[in-house]
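Peer 1: After the structure tokens below, expect a handful of questions from me.
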Amino acid sequence: MITSLLSADLPPIAAPEIQYSLLGPLFIIAGAAVLGVVVEAFWPRGSRFVVQTGLAVVAIVAAIVDTVLVYNDLDRIEAALQARGQVAAEGALSIDGPGVFAWGSLLVFGLLSMMLFAERRLEGGMSAFTGRAADAPGSAAEAEAVKLRVEHSEIFPLALFALVGMMLFATANDLLTMFVALEVLSLPLYLLCGLARRRRLLSQEAALKYFLLGAFSSVFFLYGIALAYGYSGSFDLAAIDRAVTNRTGGENMLLAATALIAVGLLFKIGAAPFHTWTPDVYQGAPTPVTAFMAAGTKAAAFLALLRVFFVAFGGSSWDWRPMIVAIAIITMFLGAVVSISQTDVKRMLAYSSIAHAGFLLVGFVGVYAGVAGSDRITSVSSVLFYLAVYGLSSIGAFAVVTLVRDSGGETTHLSKWAGLGRTSPWLAGSFAVFMLSFAGIPLTGGFIGKWGVFSAAYSGGFWWLVVIGVLISALAAYFYVRVIVLMFFTDPVGDGPTVAVPSALTTVVIVVAVLGTVGLGIIPGPVLDLAQHAGAFVR
């Protein structure tokens with residue numbers, strides 16, 4: 001029988017069709033990450049850190065240029081296919097306006113984060129990462145690594161692998177690819193969280209918590225994928241949508257699949273009640289890694305959330321929309337209220353991140369039906385703009401955190417920040433700009449971002465949710481203004497906070513973040529139009 005099967009005339013297997021021109025940014029970042037592993041293995045240790053930094057920066061810049069070309073190419077695709085984008089890589093990825101816009105945002109966040117990773121002046125010529133992760137904290141081996149000035153240059157390929165996972169996550173067109181992308185972006189971050197040079201036990205605790213809770217949420221996500229496959233017979237988002245629209249399976253299985261997939265995605269964006277990892281991980285991880293996670297992971301996860309619920313489960317929106325509304329209210333309220341009681345800057349920014357996840361969910365439940373060139377603010381366009389603004393402000397805020405120091409390194413207790421406006425007016429002024437943007441004060445990008453998500457929710461008929469969001473925004477403004485008052489109108493304790501002199505890398509990050517935050521508040525038109533022009537998801 002085996003012989004007859006082998007000798008039978010079987011139809012030829014068609015070679016997969018890969019749209020290399022559209023997937024160029026992914027290949028650039030993935031190739032640089034693999035090359036970084038090779039450099040780590042064979043390049044002389046003395047200059048390895050500089051080479052890895054240069055490789056990461058050049059790769060991200062090249063990917064940004066290619067992303068612009070891909071975005072421009074979407075117009076040609078729209079003219080040919082009547083859709084702004086297309087499904088590529090044998091159905092695995094959707095290269096559409098929202099996805100490519102997310103690529104651009106993620107790459108900019110990655111570039112700024114790599115500059116923070118490469119900062120070496122603050123630790124006496126060393127980076128913020130431990131020399132040898134295998135050395136026990138406080139051991140003789142760790143002291144030897146410090147004496148020999150060993151540096152962890154593996155951080156750059158790890159960050160690039162996380163970045164390519166984020167890009168895949170934002171454009172995945174089937175649930176299996178989305179799960180693989182989730183693991184690709186998560187595993188390097190678990191490692192990076194435990195590599196802090198100072199307060200290593202706190203850093204390792206953060207990494208362990210993130211790993212355990214992240215693995216737990218991944219199981220929920222994977223079980224939801226299995227149920228979605230059982231309901232529709234496919235992992236493809238468009239096929240799931242057809243099954244949902246036609247109601248071809250059991251209602252209970254559909255509801256269970258939706259709920260479990262939502263748990264996995266809401267964990268990644270830090271929405272309540274799946275937020276408990278956020279404060280501890282943000283506080284314990286090296287601050288450059290915290291900045292990278294706060295901006296990049298949230299952006300990628302929100303794009304995945306939008307894509308799954310609008311493309312795959314759009315036909316059952318009456319079932320899942322009340323759940324998202326409830327989670328949005330709980331997340332906004334919890335993030336705003338708990339932030340008031342925080343005395344640590346990084347934990348305060350973590351709860352701020354939770355509150356902003358709630359504001360983003362307000363836009364998420366608004367009107368969809370986005371089309372390219374539409375003047376109507378939609379869920380997709382408002383969330384894209386908000387993520388761009390929030391990411392810039394977050395990276396800038398954490399960059400400032402790295403510069404306020406004492407003899408033990410970064411000092412994040414709020415009492416140590418008293419009088420910072422007198423010690424370093426430009427640094428305190430920059431942090432104030434980010435706080436005002438988080439609060440949604442006019443003339444900052446945060447104001448336009450909140451206006452966008454509230455407009456989308458109002459257009460979708462959720463005016464009462466907008467009222468709740470505005471009230472919670474007013475409550476949240478208290479702890480942002482409190483920090484500004486502390487920096488400028490409170491007498492310093494002792495000699496006041498010590499501000500380290502950064503290299504040009506951290507300075508550029510802060511300046512770019514300030515200019516971007518203010519620029520998107522005063523002249524939001526170009527980026528807002530870009531988000532509007534991105535249009536809807538392709539299927």
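Peer 1: How large is ³J(HN,Hα) for each residue in the stretch 530-538, as worked out from phi by the Karplus curve 6.51 cos²θ - 1.76 cosθ + 1.60 (θ = phi - 60°), to whole Hz, x for Gly and Pro?
Peer 2: Working through the residues one at a time gives 5, 5, 5, 5, 4, x, 9, 6, 8 Hz.
Peer 1: Whole-Hz Karplus ³J(HN,Hα) for the stretch 503-519, in order, using 6.51 cos²θ - 1.76 cosθ + 1.60 and θ = phi - 60°, x for Gly and Pro?
Peer 2: With coefficients 6.51, -1.76 and 1.60, one gets 7, 5, 5, 5, 4, 4, 4, 5, 4, 4, 5, 5, 4, x, 5, 6, x Hz.
Peer 1: How would Trp103, Trp463, Trp43 line up from fewest to most surrounding beta-carbon atoms within 10 angstrom?
Peer 2: Exposure proxy ranking, most exposed first: Trp463, Trp43, Trp103.
Peer 1: In the structure displayed, which of Lys147/Lys346; Lys268/Lys346; Lys209/Lys450; Lys298/Lys450 lie more than 20 Å apart, Cα to Cα?
Peer 2: Violating the 20 Å Cα-Cα cut-off are Lys147/Lys346; Lys209/Lys450.
Peer 1: If you don't mind, there's one more thing I want to ask. Could you state the number of Å between the C-alpha centres of the stretch 216-282 and the stretch 475-512?
Peer 2: 40
Peer 1: Which shape class, rounded, prolate or oblate, goes with the chain when its Cα gyration tensor gives a ≥ b ≥ c as root eigenvalues, a/c under 1.5 marks rounded, and past that a/b bigger than b/c marks prolate?
Peer 2: oblate
Peer 1: Give me, ordered by chain and number, the residues 5 or more places off Ala196 or on other chains with an amide H under 5 Å from its own placed amide H.
Peer 2: Thr130
Peer 1: Choose one of Met293, Val65, Val244: the residue whose Cα lies farthest towards the positive end of the charge dipole of the stretch 18-534 (beta-carbon charges +1 Lys, Arg; -1 Asp, Glu; about the Cα centre).
Peer 2: With unit charges placed on the Cβ atoms, the residue in question is Met293.
Peer 1: Looking at the square roots a ≥ b ≥ c of the eigenvalues of the Cα gyration tensor of the stretch 329-369, which shape do they give, rounded for a/c under 1.5, prolate if a/b is larger than b/c, or oblate?
Peer 2: Prolate.
Peer 1: Follow-up question, since we're still on this one. Treating only the Cβ atoms of Lys and Arg (+1) and Asp and Glu (-1) as charged, compute the dipole magnitude of the chain about its Cα centre; round to the nearest 20 debye.
Peer 2: For the chain, the charge dipole is close to 1080 debye.
None of the figures in this text is laboratory data; all of them are computed from the coordinates on show. As the structure is a prediction and not an experimental result, all values here were calculated from the model. Don't worry about glycine lacking a Cβ; one is built from the backbone with ideal geometry, like all the others, and counts go over all protein chains shown.
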